[in-house]
1. Please determine, in degrees from 0 to 90 and to the nearest 10, the orientation of helix 250-267 with respect to the longest principal axis defined by the Cα atoms of the chain, where the helix direction is its Cα long axis.
2. In nm, to one decimal, how far is the modelled label at residue 129 from the one at residue 113, with both set 7 Å along Cα→Cβ?
3. Compute the convex hull volume of the Cα atoms of segment 450-538, divide it by the residue count, and report the result per residue in Å³ as a whole number.
4. Dividing the convex hull volume of the Cα atoms of segment 327-461 by its residue count, what figure in Å³ per residue is obtained?
5. Give me the percent of DSSP beta bridges within the chain that run antiparallel, rounded to the nearest 5.
6. Which order do 364, 193, 458, 26 take by accessible area at a 1.4 Å probe, largest first?
7. Go through segment 346-356 residue by residue and turn each phi into a ³J(HN,Hα) via Karplus (6.51, -1.76, 1.60, θ = phi - 60°); whole Hz please, and just put x for glycine and proline.
8. Nearest 10 degrees is fine. How inclined is helix 297-320 to the longest principal axis of the chain, computing both from alpha carbons?
Amino acid sequence: MRKFIAAAAALFTAAPALAQTPPPPKLLVVISVDQFSANLFDEYRPQFTGGLARLASGTDFRNGYQSHAMTETCPGHSTILTGDHPARTGIIGNNWIDQSIARADKIVYCVEDERAPGTSSTHYIVSPEHLLVPTLGDVMKSHWSGSRNVAVSGKDRAAVMMSGHNADQRWYWDGKQFTTDLSNAAVPKVVPKVNAAVAAALSQPRPALEPSPFCQTKARAVPVQGGGQPVGAGRFARAAGDATALRASPEIDGDTLALAAGLVDEMQLGRGAAPDVLSISLSATDYVGHTYGTEGEEMCLQLTELDREIGDFLSVLDSRGIDYAVALTADHGGKDIPEREQLAGVGDAARVDASLNPAVMGKKLATQLGLSGPGLLGSSSFGDMYVDRQLQAADQKRLLDAAVAAYRAQPQVEAVFTAAQIAATPLPTTSPDRWSIIERVRESYRAGRSGDFFVVLKKDVTPIADTSHGYVATHGSVWDYDRRVPMLFWRPGFRGATVTAPVETVDIMPTLAALIELPLAAGSVDGHCLDGTPAFCPR
Ligand SMILES: [Zn+2]
């Protein structure tokens with residue numbers, strides 16, 4: 001598939017003042033802002049003055065797509081530096097169900113080793129084994145023995161998906177500190193230093209942030225259905241020791257970037273003979289979105305701080321004299337709480353009916369059919385649903401038919417596809433904005449991991465009925481508010497361009513590979529190099 005795009009010829013092209021064919025950069029910095037929808041980026045773009053303004057002045061793809069259906073963190077991060085859709089990376093969701101595993105918990109977390117004794121999907125050993133393809137850093141390290149592959153994140157799954165199977169350093173926030181699953185390298189001195197600084201900050205209360213006049217226009221408390229607290233006018237004041245509040249605030253992104261900058265210095269990234277890659281996934285925007293929605297004062301403060309923090313980080317790289325290039329994107333988009341969307345005139349915005357939850361629906365159908373057990377296994381984020389394998393084969397078929405019919409009859413359900421229908425659908429070859437819904441689902445489908453059927457909720461239905469546990473908004477749908485994300489490429493001294501033609505996050509990896517002159521075997525990735533310039537994109 002391609003679709004390219006003369007207008008993108010400026011991508012990583014030297015400005016006229018510079019030499020025509022500059023050498024490849026020595027450091028690739030790949031930033032993922034978790035839950036940073038293109039809608040949010042478009043809305044805030046005029047407000048940015050820091051790092052996001054700088055990156056937006058590079059080559060700015062206004063219509064990047066996490067094109068698959070299951071728009072969650074793990075699949076989204078799996079696309080960015082592998083160049084592959086989840087159908088190929090194998091990362092179909094944050095979790096899936098594997099009824100063949102020995103342990104009682106049949107849920108598998110995307111970056112766990114579920115064979116480890118005594119583990120569960122919530123108390124697990126971190127592992128990249130479910131990722132079925134190499135990352136850019138993996139390929140770099142097999143091509144150049146001196147390349148370093150480093151990842152830092154607020155989430156384990158983001159750091160693992162961006163660095164893959166052969167990382168030199170990989171650090172992620174575990175709720176209390178930055179930690180790693182790797183035992184192959186000495187702990188850099190900056191890690192305990194940053195952890196001590198975070199612990200010291202956490203032990204003190206944090207005063208409220210001061211909103212800009214623009215953010216003050218967003219401040220309006222909106223009641224939330226489903227038991228949650230009103231949101232919309234928060235300013236991130238937090239009590240001493242409240243690590244949950246630290247994570248759902250700009251603080252954690254600042255800490256993540258401080259650790260990244262420390263690793264650049266301590267490891268001398270970008271200063272060796274071979275190019276290095278530093279992946280940074282900034283998680284706070286996602287936690288802020290889930291906790292407060294996307295259109296209140298909280299997200300305004302978060303994005304203001306994110307812009308400043310990324311700017312500070314880029315200034316550190318500038319001051320070190322490193323020849324670097326940056327790509328920034330998101331693992332998925334997001335949307336606001338339905339209560340505020342209704343106030344804004346989004347007429348169909350609603351919370352999902354609790355009776356659609358697979359546990360509720362499965363039990364009801366099993367009872368109707370005279371069967372024991374849960375009937376269905378699945379998650380409340382919808383998507384993949386699994387029929388209970390404890391049932392006899394004939395009863396599994398009866399339950400599957402009943403469940404597909406029952407979900408299809410629900411007014412909040414857009415479509416239901418069986419695994420057979422999905423598997424029989426060819427992989428899409430057109431532009432991602434034109435994919436049918438089943439084509440989006442097809443790129444999230446992997447035999448052996450995916451469910452027996454896939455439920456698609458209608459547009460603007462938020463799959464959170466009970467808000468009493470603190471999450472009021474989410475992502476994960478097949479709709480473009482969750483699929484469309486920013487895609488920015490920037491290099492110091494290089495000319496920018498704005499491109500409106502749709503592109504995909506799977507295009508980032510082959511584009512960066514071309515930039516550093518890393519050969520990729522033909523057909524080895526789903527994505528395509530985003531450049532009209534033959535020097536960057538070998539034909
Ligand atoms: Zn995410």
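1. It works out to around 50 degrees.
2. Each label point is offset 7 Å from its Cα along the Cβ direction, giving 0.6 nm.
3. 192
4. 139
5. The answer is about 50 percent antiparallel.
6. 193, 364, 458, 26
7. So the J values, rounded to whole Hz, are 7, x, 8, 5, 7, 8, 5, 5, 4, 6, 7.
8. Approximately 40 degrees, to the nearest ten.
The values are calculated or read from the model by the stated rules, or taken from the named source; none is laboratory data. Remember, it's a predicted structure, so these values are computed and weren't measured experimentally. Note that each Cβ is placed from the backbone with ideal geometry, even for glycine, and that neighbours are counted across all protein chains shown. Ligands, DNA and RNA are stripped out before the accessible areas are found, and what is left, the full protein with its side chains, is counted by its heavy atoms. Shrake-Rupley method; radii C 1.70, N 1.55, O 1.52, S 1.80 Å.
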